[in-house]
Amino acid sequence: MFLQLKELSKSYKHIQAVKYLNLEIDKGELLSILGPSGCGKTTTLRMVGGFIAPDHGRVIIQGQDITQMPPNLRPTATVFQSYALFPHMNVLENVIYSLKFKGMKRKQMLKKGEEMLEMVGLKHYRYQSINQLSGGEQQRIALARALVMNPKVLLLDEPLSNLDAKLRIKMRKEIKDLQSALKITTLYVTHDQEEALSISDRLVLMNEGTVEQIGEPQEIYKNPKNIFVADFIGRTNFITNTEGKLLAVRPEHIIISDTEAVGSMPGQVIQKQFTGAYVTYFIDIDSKVIQADLPDTRNLKWEKGDNIFISFAEDSAVKIEM
Amino acid sequence: MNNGRKNTPNKLMPLQKGIFTRDISFSNLIASSVYITLAVSVAVFIIWPTIAILMESVYYDGQFTLTQYISLFTENQQLLLNSIWVSTLSTFLAVVLGLIVALFISHSANRGKKTVFAVLLLTLISPPFVSALSYIMLFGRRGIITYNLLGLNINPYGWHGVVLLQSIGHASIAALIILGVLRGIDKSLEQASLDLGANSLQTLLKITIPLAKPGIVAAALICFVQSLADFGTPVIIGGNFTVLATEAYLNVIGLYNLPRAAAMGTLLLIPALIMFIIYRNVVKNSQYFSVRQSNESTLVLSKWLNIILGVITWSFVAFQLIQYITILWGAFARTWGVDFSLSLKHINALGSSQIASFVRSLEYSFLAALIGSLIGLILAYMIERKKFPGYQILDFMVTLPYMIPGPFLGIAYVLAFHDYPLLLTGTAFIVVVNCIYRQLPIGTKAATTVLTQLNPEIEYGARDLGASEIHAFKDVVLPALKPAFLISFINTFTTTMITIGAIIFLMVPGSEVATVQMFNAIKTGDIGLSAVIANMIIIATLGINLAFSYFILRPARHKDTMEKEMAYVPAIEGIK
Amino acid sequence: MKKKALIFLMILMLAFTVVGCGEDNTADTQPTSEQPKLEGTTLKLFVAYDGEDEIFKAFTEDTGIKIEYLDMSSGEVLARIRAEQGKPLGDIWFGGGVDSFIAAKNDGLLEAYVSPEAEFIPAQYKDKEGYWTGISLVTVNFIVNTDRCKELGVDIPQTWTDLLAPQFKGEILMSNPSISGTAYTILSGLLQSMGEEEGWAYMDKLNEQIPFYAKRGSEPPQKAAMGEVTVGLAPDTGEALKAEGYPIVSVFPQDGTPWWPSPVAILKGAENLEGAKVFVDWCLSEKGQKILRDNCPRVPVRKGIEPPECLAGIKEAKLQDIDFEVAGNERDTTVEQWQEKYAQ
């Protein structure tokens, strides 16, 4: 493995932000760390970058223990949430900043800088002041700045959270493209699970300082290990079956029918929401609210107040350990 | 409800507690007359003196002539050069020192930051000449360090002493201004720099300090103007080395050559004006730093950097503290330079004249603070909110004293008010007025800041519910302005207590204040007396400020103490 | 809590102001012809005199009239009242160089008053018409720091010529004659006794010895006492400084001691005219003269009052022959000439 986090821990006052975290990331892998605020993902990232000193544990890159190293000596590069572009320098100067400390000649620095800008498609902006750039453009500059120094590990701290929805989708594809092209090992922190699901090779879900589940996106989505994972990733209905076991069923697997069948449950539609690609029904089953997603291609005749029956295929339900 | 009756609001509206039931036009009348009175007073007490002094310098024996200026530039070149030399050098040193101290507080890992900060504030509220006095006591021919300790016999008078004292004296305000800017810098920029491979020193040099440029420039401008206007230090320890400010002083006090003094005063004003314009346009509009409020930096400095910053800063602090200790000692030393045994001789020798002057200082400061802050409030409201006709001009007029050097305003007042119809020189009234209008920018600025953050819809709400303009002001705006009033009060009080630059020209028997007495005592060489007066002023200002901070400011905020004390800084910029 | 503290502070300050204002607002007097009650009134003084506090305290005890004063060298006062053109800035002008007083009289800035006590004052010490009256005689002395002399390896200077010794370069302090009566009298005295040409020649040389010109008459002796310079040209024998323990001696310059009568005068347009007259009377009275002498050791002008002990040496001193009228009339031109020569 390329990047190893061993027993990494950090507490603040009485709160343990990160509890004995163990992670192994392969070379060229994009691993997302996902979780609600306060789960410890940003703290973890900062410990890898060297901005926070762990109370316990080690950070190892390519076999080299870098735990004691100050951030400027580590082979990591960070893209900050606010991009942290230097306002008193233009685009090109921002990008080539790190190369100064590698002892490169000016000419070489400029060349590399322009190459990098070319890669992110912003070469024509190289002499612009960064204040004149849009959010998406600033993001790309920040990325270029981090990548130009050929870091062994790229650290991204919620890089897209300042962008609007559409731009976010566009940018995450670009980041993914860049990352795979360069085959650079990446740790990507986000609270947006759709983002994490879409671009990660693997995904780590953290909660209160510990790992809840780690695995490939599809695996996590399909087979959440516990309530937290099931609830955090996507939307889930929690249904207790006849044997008293708790089942997690995704809304897209709920079947609505006018007629009763074996194993189906009666309920009443309380709200119908149109979200574009599909319609979500909120159904009252036994005083619990179940969500059902139906693609809009069908004839959706049920309206608020209708009495209906819901059911689901057995293999689409996941048993949750309590 | 109306029953077809004519709707006369006066009669039908129930009498509610505290709300007028008078006609709207009446309240407008009150508001208008208040506005006009204040506007006129600003014109009379700020603009007219400025015009008077400008005129005096060019209008001579019935004709316009630039002889005064020409003679200054041809015969007194040395004078101008001296001024520029001293001011430039001391500004440079002050800003460098201020930068180091500011970095110490914001970035280093050393302890005792709050102490350093407190010392910085202390130097802001100190009377003038404290450094000059202690300088003589320590480094004079018979100074305790140069003579008693080292057995040297050097001549301390001259420009080097002036530059030294001005540099160290102004470093405080420079540090505070730069500190304010440093704190506004987005800390993630420094982290990014580290992340990209720069070490802490490189980060400081390439990122932090360039981003602090607006603060550095602002500090330099203010130090330069203050240095130009400083006449006390050069008078006392300049010896044969004269600068524009001292000559202006001499020309008024000694020679009463008013045209010449007026010309000098105007020359003092010009750089101040230029600096002010640069400041307004360049510095204030800078987009260099994000508004995000952050506390201490997370940039970890290397060990050596910490040590260097620490050594320089603590030396600075030590130097300042030594001054105060020296002054304190001087008040109790029997005969400085000869007999250092402790005695209450000087305190006992305080005559009724000295005590009366001190009490007068307190009175004037209190009056100026009270009235000045009130006027500032009302003016701010009229300019910011009501936008009465001509408000832009009024706004400019009100900020004018900010950049006017003390001696200039003093001479201007003498010229403006020593003849009919405004025969006011020789009264205590004019002294207080001078103090009020000199500090007006403080009160107005504080109030303006609050007002811009106050949602005007609150006032509309009050009006909607039936309040007249005056009541909207009284019930809604005034309470919100209270913090601004308090800040302005304490700042004006302090600055008036320690001011001398303007009012020294207005002294007559019966209106003498403590700072002038102190000045006279120093000139005469009465170390003991001047030390006693200095201490009295320090204790009074320190005491009032502490009491104020403790009782009034502290409960109001629970955040970082330093942030609220930063409120002092913009107010004291340039006014001494 | 916070509110109470604020109110408390405000009340305290308000009380201060009220009390203070009360002091300032002691009844103003009207200069009427009858003798109004003067007790409790205030006199405003410009002062260039030592021991003022004690002197004024005694006066107030005797007459009940309060005194507010401003320390100001006579040259400054002259410039000021000239510029204010007779506007009443104060009531009494107390002490300083007689030259300024004469100049002021010529400009019509003084109020004539012949005190009944004036008949005890010799003619040469007062103005014939009563515009000013001397209250004591001031002599110019060298105040010499004996420690510094030892360090420099020189004898204590006894004459004006002695001051020109090379060891004294940068060691002599004199005030600016445009501001200080003492300095002006030195200048005028030298010019009159040596003659114009030689006088200015001497001043040229003396100027070389002086590092800078002090702004007040009392500064040179203080600086000499403190050792900042070796010799201060002073308007008295520095008794107070000696009493403090400073290592100084006073020397009457043996080749000519400048001197002058230090006057008191009423400013034209004085508000408290009656009180001012009382003050002048008091200064010239037996009691007043004694109090003045005891608090500021100078030779009293009044016949029959003994000079203070410390000034016994004045009998041997060779006093210069100075025509004060001339000194006063030529003040402006002389000062201007001085400015041109020696001021920056």
For residue B:388, indicate whether it is under 17 Å from the mean Cα position of the chain (by Cα), more than 27 Å from residue B:228 (Cα to Cα) and not polar (S, T, N, Q). no
Residue match in the stretch B:398-419 (condition: at the interface with another protein chain (Cβ under 10 Å from one of its Cβ atoms), on the phi < 0 side of the Ramachandran plot and part of a helix (DSSP H, G or I)): yes
Give the residues of the stretch C:271-291 that are open to solvent by 10 Å² or more (accessible area, probe 1.4 Å) and of a type in the set (A, V, I, L, M), sorted by residue number. C:273, C:278, C:291
Top-ranked residue in the stretch C:199-250 [being assigned to a strand (DSSP E or B) and buried (at least 20 other Cβ atoms within 10 Å of the Cβ); ranked as modelled with the lowest pLDDT]: C:214
Does residue C:175 meet the test of being touching a residue at least 12 places away in the same chain (Cβ under 8 Å), among the polar types (S, T, N, Q) and out of contact with any strand residue (DSSP E or B) (no Cβ under 8 Å at 6 or more places or on another chain)? no
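For every residue, the table says whether it meets (1) part of a helix (DSSP H, G or I); (2) in contact with a strand residue (DSSP E or B) (Cβ under 8 Å, 6 or more places away or on another chain); (3) on the phi < 0 side of the Ramachandran plot; (4) not basic (Lys, Arg).
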position	(1), (2), (3), (4)
B:324	yes, no, yes, yes
B:327	yes, no, yes, yes
B:331	yes, no, yes, yes
B:340	no, yes, yes, yes
B:347	yes, no, yes, yes
B:355	yes, no, yes, yes
B:360	yes, no, yes, no
B:363	yes, no, yes, yes
Taking the options B:469, B:457, name whichever one is open to solvent by 30 Å² or more (accessible area, probe 1.4 Å), away from every other protein chain (no Cβ under 14 Å) and touching a Ser or Thr at 6+ places or on another chain (Cβ under 7 Å). B:469
Please pick out the residue among C:316, C:336, C:330 that is among the charged types (D, E, K, R) and without any contact (Cβ under 8 Å) to a residue 40 or more places away in the chain. C:336
What are the residue pairs meeting all of these: first residue in the stretch C:141-167, first residue within 27 Å of residue C:181 (Cβ to Cβ), second residue open to solvent by 60 Å² or more (accessible area, probe 1.4 Å) and not in a loop (DSSP other than H, G, I, E, B), Cβ atoms under 8 Å, and 6 or more apart or on different chains? C:164/C:205
Considering only residues that are at negative phi, open to solvent by 10 Å² or more (accessible area, probe 1.4 Å) and of a type in the set (Asp, Glu), which ones fall in the stretch A:174-222? A:174, A:177, A:192, A:194, A:201, A:212, A:216, A:219
So, in the stretch C:70-106, of the ones that are at pLDDT 90 or above and within 11 Å of another protein chain (Cβ to nearest Cβ), which residue ends up surrounded by the fewest Cβ atoms within 10 Å (Cβ to Cβ)? C:92
Among the candidates B:94, B:132, which residue alone is modelled with pLDDT of 80 or more and under 15 Å from residue B:527 (Cβ atoms)? B:132
All-but-one check, residue A:9 against (1) over 26 Å from residue B:198 (Cα atoms); (2) polar (S, T, N, Q); (3) part of a loop (DSSP other than H, G, I, E, B), failing number (3)
So residue B:187 ticks every box in (1) over 29 Å from the mean Cα position of the chain (by Cα); (2) surrounded by 24 or more Cβ atoms within 10 Å (Cβ to Cβ); (3) under 22 Å from residue B:218 (Cβ atoms) but one. Which box is left unticked? (2)
Starting from residues that are assigned to a loop (DSSP other than H, G, I, E, B) and open to solvent by 60 Å² or more (accessible area, probe 1.4 Å), keep the ones in the stretch A:55-112 and report whichever is farthest from the other protein chains (Cβ to nearest Cβ). A:63
Just give me the residues in the stretch B:347-361 being open to solvent by less than 20 Å² (accessible area, probe 1.4 Å) and either more than 10 Å from every other protein chain (Cβ to nearest Cβ) or closer than 24 Å to residue B:489 by Cα (or both), in sequence order. B:357, B:360, B:361
Every pair of residues 6+ apart whose Cβ atoms lie under 6 Å, when the first sits in the stretch C:239-250 and is over 13 Å from residue C:224 (Cβ atoms) while the second is open to solvent by 40 Å² or more (accessible area, probe 1.4 Å) and part of a strand (DSSP E or B): C:245/B:339
Of the conditions (1) open to solvent by 10 Å² or more (accessible area, probe 1.4 Å); (2) at pLDDT 85 or above, residue B:207 satisfies every one except a single condition; which number is it? (1)
Are any residues in the stretch A:148-191 in contact (Cβ under 8 Å) with a residue 40 or more places away in the chain, in a loop (DSSP other than H, G, I, E, B) and closer than 22 Å to residue A:234 by Cα, and if so, which ones? A:158, A:159, A:161, A:162, A:191
Among helices (runs of 4 or more DSSP H) entirely inside the stretch B:122-229, those with 2 or more residues being closer than 16 Å to residue B:87 by Cβ, touching a helix residue (DSSP H, G or I) at 6+ places or on another chain (Cβ under 9 Å) and of a type outside the set (A, V, I, L, M) are B:159-184, B:213-229
Go through the stretch B:180-213 and give me each residue that's free of Cβ contacts under 8 Å to residues at least 60 places away in the same chain and either touching a Gly at 6+ places or on another chain (Cβ under 9 Å) or within 10 Å of chain A (Cβ to nearest Cβ) (or both). B:188, B:189, B:192, B:193, B:195, B:196, B:197, B:198, B:202, B:206, B:207, B:210
Scan the stretch B:143-155 and give yes if some residue there is at pLDDT 75 or above, farther than 14 Å from residue B:172 by Cα and either within 13 Å of chain C (Cβ to nearest Cβ) or buried (at least 24 other Cβ atoms within 10 Å of the Cβ) (or both), otherwise no. yes
Quick check on the stretch B:524-531. Is at least one of its residues more than 13 Å from every other protein chain (Cβ to nearest Cβ), at pLDDT 85 or above and open to solvent by less than 30 Å² (accessible area, probe 1.4 Å)? yes
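The values are calculated or read from the model by the stated rules, or taken from the named source; none is laboratory data. Computed from a predicted structure; not experimentally measured. Every residue, glycine among them, receives a Cβ derived from its backbone with ideal geometry; neighbour counts consider all protein chains shown. Note: areas computed on protein heavy atoms with side chains; ligands, DNA, RNA excluded. Shrake-Rupley method; radii C 1.70, N 1.55, O 1.52, S 1.80 Å.
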